[in-house]
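Below is one structure; the comments refer to it alone.
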Amino acid sequence: MRIQENISLKPYNTFGIDAKAKYFSTFSSVDELEECLNYKLQTTNLPIGQAGHKLILGGGSNILFSKDFNGLVLKNELKGIDLIKEDEHHYFVKAAAGENWHQFVLYCIKRNYAGVENLSLIPGNVGASPMQNIGAYGVEIKEVFEQLEAYHINDKKPVTFTTNDCEFGYRESVFKRKYKYQFVILNVTFRLNKHPIFHTSYGAVEQELEKMEVKELSIQAISQAVINIRSSKLPDPKQIGNAGSFFKNPEIDNHQFQALKQRFPKIVGYPVANNKTKLAAGWLIEQCGWKGYREGDAGCHARQALVLVNYGNAKGEEIYNLSEKILHSVKEKFGVVLEREVNII
Ligand SMILES: Cc1cc2nc3c(=O)[nH]c(=O)nc-3n(C[C@H](O)[C@H](O)[C@H](O)COP(=O)(O)OP(=O)(O)OC[C@H]3O[C@@H](n4cnc5c(N)ncnc54)[C@H](O)[C@@H]3O)c2cc1C
């Protein structure tokens, strides 16, 4: 274990925010993690694991450092992907939390393990994938999730979580809510299909497959279609700092949706469970005039209103303040409260 002091986090978050970590270390084994967790911070006498003083970092693609971090950032570098068992219908693959998510997807695609092809090219690491039940193009990881092992910071031991324990929802899990900051996810086991079930009903995927002139549908073709769409549509954090969708798509009661539809006939909404409608947050933001807005180096992307961007040297606080203004204006115009998807530190 090597604890570094006053480290810039700029290379460790896709927003490219130049916040400082008072202490920083990587860990590549559970022993190293334990050593780091036992490290007594000089700046605080709060108990180990207290929110805000030890932060686990993956690829930094769903995080906004709104200020310097006065505790210890622990970058997860646990590695390894193994096929641990199989049955008639499934392959069970265990991936360490520090593995890059897209590399894990490619590992599966190469071996014909089906189920994660629609989730190609999502940035970040395997360990963060259950945090918000990552999803794209009609698939969420909960559909291929078998179990995970997470280290309980205060009890100092690993605990196994099944799908039910994780309480997955839309960009949600227990790790973002009641167990926030209490666990370090060590590895995730996925249940992948031997006989693929193709999810192509998402308009853009269907169109891209047509454009690619795919004769026979395969997980390889779907993965490539998703890669093509994402590369053409989403801003690449290497070119322009961002963390993907900054806000969640809000769900409102159907009757509230009907009332809004009277006032805004073009409002975009999809029916979901429990008499609710999911609204397209990007559309709401765009209608409030934010698309393409820029204030210093903080902005709202010119083509994707849902994506806030750092044009170069924006401070985390500036991005956060812009998100506040967007929240207020959407609430004022539509009476809808947006929720941030990105983790604010
Ligand atoms: C261009 C772009 C496109 C994106 N598209 C999508 C998309 O289509 N769908 C989607 O769902 N997301 C998307 N995202 C968001 C992001 O990629 C995912 O949320 C991803 O899972 C975050 O992984 P990470 O390793 O970067 O997490 P980080 O940003 O490092 O961490 C996120 C949170 O998880 C915690 N955490 C991370 N690892 C662990 C661990 N091992 N144990 C405990 N806590 C941990 C962190 O403390 C933090 O609170 C996108 C992001 C970008 C930049």
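The values are calculated or read from the model by the stated rules, or taken from the named source; none is laboratory data. Because the structure is a prediction, the values reported are computed rather than measured. All Cβ positions, glycine included, derive from the backbone under ideal geometry; neighbour counts span all protein chains shown. Side chains included, ligands, DNA and RNA excluded: accessible areas come from the protein's heavy atoms. Shrake-Rupley method; radii C 1.70, N 1.55, O 1.52, S 1.80 Å.
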Review point. Binned at 10 Å from 0, what are the whole-percent values of the Cα-Cα distance distribution for region 110-174, short to long?
Key: 19, 50, 25, 5
**Study point:** Calculated from backbone phi, Karplus (6.51, -1.76, 1.60) coupling profile of region 112-128 in Hz, x at Gly/Pro
**Key:** 6, 8, 8, x, 10, 4, 5, 9, 4, 6, 6, x, x, 10, 4, x, 8
Practice item. Mind checking the full-extension length gain between Lys178 and Ser231? Use 0.36 nm per residue of separation minus the Cα-Cα distance, one decimal, nm. Key: 15.6 nm
Review point. In nm, to one decimal, how far is the modelled label at Glu210 from the one at Lys266, with both set 7 Å along Cα→Cβ?
Key: 2.3 nm
Review point. Mind listing the phi-derived Karplus ³J(HN,Hα) values for region 15-20, rounded to whole Hz, using 6.51, -1.76 and 1.60 with θ = phi - 60°, and x for any glycine or proline?
Key: 6, x, 7, 8, 7, 9
Point to revise | Neighbourhood charge, 14 Å Cβ-Cβ cut-off, centred on Asn70 and excluding it, Lys, Arg +1 and Asp, Glu -1 | key: +2
Revision key, fill the gap. Correct semi-axes for the chain, from √(5λ) of the alpha-carbon gyration tensor and rounded to whole Å with the largest first, are 31, 28, 19
Study note, to complete from the structure: Counting only protein heavy atoms with a 1.4 Å probe and every protein chain in place, the carbon and sulfur fraction of the accessible surface of the chain in whole percent equals 46 percent
Study note, to complete from the structure: Full extension between Thr162 and Asp253 adds, at 0.36 nm per residue less the Cα distance, a length in nm of 29.7 nm
Revision key, fill the gap. Residues meeting the amide H criterion for Phe246 (H placed from the backbone, H to H distance under 5 Å, 5 or more places apart or on another chain) are Val307, Leu308
Check your understanding: Once the dipole of region 6-126 is set up with Lys and Arg at +1 and Asp and Glu at -1 on Cβ about the Cα centre, which of Ile81, Pro123, Gly71 lies farthest towards its positive end?
Key -> Gly71
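Could you do me a favour and compute the accessible area per residue for the chain, 1.4 Å probe, result in Å²?
Numbers: 16630 Å² over 345 residues.
Per-residue value: 48 Å².
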Revision key, fill the gap. Note, region 136-152: 3J(HN,Hα) by Karplus (6.51, -1.76, 1.60, θ = phi - 60°), whole Hz, Gly/Pro = x, goes 6, 6, x, 10, 10, 5, 4, 6, 10, 7, 9, 6, 9, 10, 9, 8, 7
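On alpha carbon coordinates alone, what is the Rg over Rh value for region 263-327, Rh being the Kirkwood radius? Please report the intermediate quantities before stating the final value.
Details: Rg = 13.9 Å, Rh = 12.9 Å.
Here Rg/Rh amounts to 1.08.
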Exercise for review: Would you rank Leu234, Leu74 by solvent-accessible area, highest first, keeping every protein chain in place and using a 1.4 Å probe?
Suggested key: Leu234, Leu74
Check your understanding: Using DSSP loop states and a limit of at most 10 other Cβ atoms within 10 Å to flag GluC sites (Glu not before Pro), what is the longest stretch of the chain containing no flagged site?
Key -> 217-345
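Arrange the peptides 302-308, 59-65 so that the one whose residues have, on average, the most other Cβ atoms within 10 Å appears first.
Details: 302-308: 20.6, 59-65: 23.7.
My ranking of the peptides, most packed first, is 59-65, 302-308.
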Practice item. Quick one: check the C-alpha center-to-center distance for region 211-232 versus region 80-125, whole angstrom. Key: 18 Å
**Study point:** Which listed pairs, of Lys40/Lys176; Lys94/Lys215; Lys75/Lys142; Lys142/Lys180, have C-alpha distances above 28 Å, in listed order
**Key:** Lys94/Lys215
